[in-house]
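Peer 1: Here it is: the structure, laid out below.
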Amino acid sequence: MPNAYDVVVIGAGTGGYVAAIRCAQLGKKVAVVEKQRALGGTCLIWGCIPTKALLEHAHALKVIRDAREWGVTIPAGTPAIDMGQVQTRKDRIVTALTKGIEFLFKKNKIDWIKGTARLAGKGRIEVVEGEKQTLDAKEIIVATGSAARGVSGIEIDHKRIITSDEAISLRELPTSLIIMGSGAVGVEFASIYRRVGAEVTIVELLPRLVPIEDDAVSAELEKSFKKQGIKALTGTRVTKAVPGASGVDVEAQTPDGKMQQLSADLLLVATGRAPVTAGLGAEEAGVKIENGYVKVDEMYRTSVPNVSAIGDVITLGTGSHPQLAHVSSAEGIVVAERLAGQDVRPINYDHVPSCTYCDPEIGSVGLTEAEARAKGYDVRIGTFPFGVLGRAKMAGESEGFVKIVADKKYDEVLGVHMIGPRSTELVAEAVLALRLECTVEELIRTIHAHPTFSEAVGEAAHATHGAAIHL
Ligand SMILES: Cc1cc2nc3c(=O)[nH]c(=O)nc-3n(C[C@H](O)[C@H](O)[C@H](O)COP(=O)(O)OP(=O)(O)OC[C@H]3O[C@@H](n4cnc5c(N)ncnc54)[C@H](O)[C@@H]3O)c2cc1C
């Protein structure tokens with residue numbers, strides 16, 4: 001039967017496309033149903049890739065503005081950003097990557113069926129829009145992802161009150177921007193638009209920026225943002241937003257209960273993402289939904305046999321599930337290998353790195369100091385500032401630090417938290433350290449090349465034993 005497959009994946013985001021490729025590598029006949037005109041999902045089209053491309057542009061502008069410091073002479077006139085060229089380059093990068101997945105699908109003989117999929121029960125999938133047809137599958141993987149979530153009482157009009165979907169594509173620079181929420185998405189856009197000259201105000205309901213990070217990281221980011229002219233109103237709730245012809249008026253309640261009036265060209269709502277299950281027919285097909293998410297077990301099995309789910313759309317029912325590209329891909333690989341009969345272990349979510357590409361960057365893994373203390377560990381802390389390193393001085397990037405949280409009794413590394421240059425790269429060593437249940441002593445004996453940013457990790461380990469060399 002031409003429409004019969006071993007595996008049909010619904011959604012070609014970083015969860016779905018990776019699951020499909022791994023299934024094909026393991027000998028399965030695979031189809032992916034994707035309703036967008038390109039493969040790659042949120043990460044490639046609206047998320048990780050476009051935002052990081054914009055951040056690279058913002059960084060380029062920073063370096064050019066500091067030309068004199070680098071001994072580079074630029075003819076008179078202030079360097080300015082051309083948003084048309086920025087968007088063209090960003091789109092070129094996105095297209096190259098999405099086309100790259102199309103190539104991988106062809107290489108692995110995966111069929112891309114363009115349309116919207118609906119679970120029709122008993123291993124059937126109906127493609128209800130686009131290339132309409134019915135597919136038969138021995139196994140189905142739901143990877144329908146997430147979409148920007150609004151906040152009750154704040155109506156997103158996509159013009160003055162926008163989400164990240166619009167913020168990645170602005171061709172005209174806003175002179176001012178209010179950002180609601182200071183998670184990864186909120187602070188990354190704050191860095192992008194401040195660097196290119198906008199007045200940026202972040203309004204965060206919780207008492208500190210990047211609230212899931214270690215307290216020390218939040219404090220360092222707040223200090224740096226203040227220096228850069230980014231205004232942060234923490235402990236503050238947006239209560240009203242009214243769009244007008246030329247801007248948006250925002251009302252916010254500060255921690256002392258007072259109302260504050262703000263106005264800007266745009267309000268970016270960056271308060272999280274909601275799972276996408278609308279039109280999927282999940283509940284009709286018997287798939288259990290919990291708070292809007294597809295409920296799965298630790299091997300990503302849903303309540304219906306032969307239907308698995310991965311990525312942003314799932315809940316494991318054990319607290320919040322990280323909505324990250326690398327998590328969705330790791331889950332896709334686990335499912336593919338389970339379906340191929342391999343002996344595969346559940347993912348340890350305590351070892352998932354969290355990277356935020358604001359300026360300065362943040363990379364972290366494992367327990368924060370507060371979490372380790374709350375769990376009853378006798379905690380030992382070691383911190384080393386990047387500013388001391390030769391490499392950081394050369395790069396002109398000396399903000400931030402590496403902080404290690406360790407258990408005094410067994411010397412085990414429990415968490416590593418860094419803010420500063422290359423933190424999103426340096427965290428990889430910390431992830432491996434946690435994965436291998438490394439001790440601080442082992443990190444100390446690991447030789448870090450000189451001169452590198454990675455010396456900050458080695459020195460933080462030394463500092464944890466009270467023996468940093470360069471402090
Ligand atoms: C601005 C922003 C920046 C981000 N930056 C990062 C980052 O730097 N690092 C990181 O790790 N994560 C980042 N993320 C999060 C990351 O993008 C997501 O965690 C990741 O894309 C989730 O992958 P997924 O496969 O679960 O779902 P998605 O990528 O959302 O893909 C789901 C796909 O399913 C398709 N689909 C849905 N329903 C159907 C249907 N019924 N039929 C057919 N197709 C359907 C959709 O069109 C979509 O293509 C960012 C997100 C945003 C919004």
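The values are calculated or read from the model by the stated rules, or taken from the named source; none is laboratory data. This one's a predicted model, so the numbers in the text were calculated from it and none came from an experiment. When we count neighbours, we look across all protein chains shown, and the Cβ atoms used for this are built from the backbone with ideal geometry, even at glycine.
Peer 1: Any chance you could count how many residues in the stretch 297-333 are assigned to a loop (DSSP other than H, G, I, E, B), more than 10 Å from the ligand (Cβ to nearest atom) and farther than 25 Å from residue 285 by Cβ?
Peer 2: 2
Peer 1: Now, a different point. Step by step: first the residues of the stretch 434-461, then only those that are out of contact with any helix residue (DSSP H, G or I) (no Cβ under 6 Å at 6 or more places or on another chain) and in a helix (DSSP H, G or I), then the one that is surrounded by the fewest Cβ atoms within 10 Å (Cβ to Cβ). Which residue is that?
Peer 2: 445
Peer 1: Quick one: residue 131 ticks every box in (1) in contact (Cβ under 8 Å) with a residue 60 or more places away in the chain; (2) within 24 Å of residue 28 (Cα to Cα) bar one, so which box is it?
Peer 2: Going through the list (1) in contact (Cβ under 8 Å) with a residue 60 or more places away in the chain; (2) within 24 Å of residue 28 (Cα to Cα), residue 131 breaks only (1).
Peer 1: Same structure again: Answer with yes or no whether residue 49 is in contact (Cβ under 8 Å) with a residue 40 or more places away in the chain and part of a loop (DSSP other than H, G, I, E, B). Talk me through it step by step, then tell me what you get.
Peer 2: On the way: in contact (Cβ under 8 Å) with a residue 40 or more places away in the chain: yes; part of a loop (DSSP other than H, G, I, E, B): no.
No: the conditions fail for residue 49.
Peer 1: Next question, about the same structure. Read through the list (1) modelled with pLDDT of 95 or more; (2) farther than 28 Å from residue 288 by Cα, then give the number of the only condition that residue 116 fails.
Peer 2: Every condition holds for residue 116 apart from (2).
Peer 1: I've got another one for you. Out of everything in the stretch 348-366 that is surrounded by fewer than 21 Cβ atoms within 10 Å (Cβ to Cβ) and more than 14 Å from the ligand (Cβ to nearest atom), what residue ends up being nearest to residue 426 (Cα to Cα)?
Peer 2: 351
Peer 1: Counting only residues that are more than 21 Å from the chain's Cα centre (by Cα) and either hydrophobic (A, V, I, L, M, F, W, C) or within 16 Å of the ligand (Cβ to nearest atom) (or both), which one in the stretch 141-176 is nearest to residue 254 (Cα to Cα)?
Peer 2: Residues of the stretch 141-176 that are more than 21 Å from the chain's Cα centre (by Cα), as a first pass: 141, 152-161, 171-176.
With either hydrophobic (A, V, I, L, M, F, W, C) or within 16 Å of the ligand (Cβ to nearest atom) (or both) added as a condition, the list becomes 141, 154, 156, 158, 161, 173.
Numbers: 141: 45, 154: 17, 156: 22, 158: 26, 161: 21, 173: 28 Å.
Filtering the stretch 141-176 for residues that are more than 21 Å from the chain's Cα centre (by Cα) and either hydrophobic (A, V, I, L, M, F, W, C) or within 16 Å of the ligand (Cβ to nearest atom) (or both), the one nearest to residue 254 (Cα to Cα) comes out as 154.
Peer 1: Any idea which of 76, 96 is surrounded by fewer than 17 Cβ atoms within 10 Å (Cβ to Cβ) and modelled with pLDDT of 95 or more?
Peer 2: Values: 76 fails: modelled with pLDDT of 95 or more.
Going through 76, 96 in turn, the sole match is 96.
Peer 1: So residue 49 clears everything in (1) among the β-branched types (Val, Ile, Thr); (2) surrounded by fewer than 19 Cβ atoms within 10 Å (Cβ to Cβ); (3) within 16 Å of the ligand (Cβ to nearest atom) except one condition, right? Which one?
Peer 2: Failing condition for residue 49: (2).
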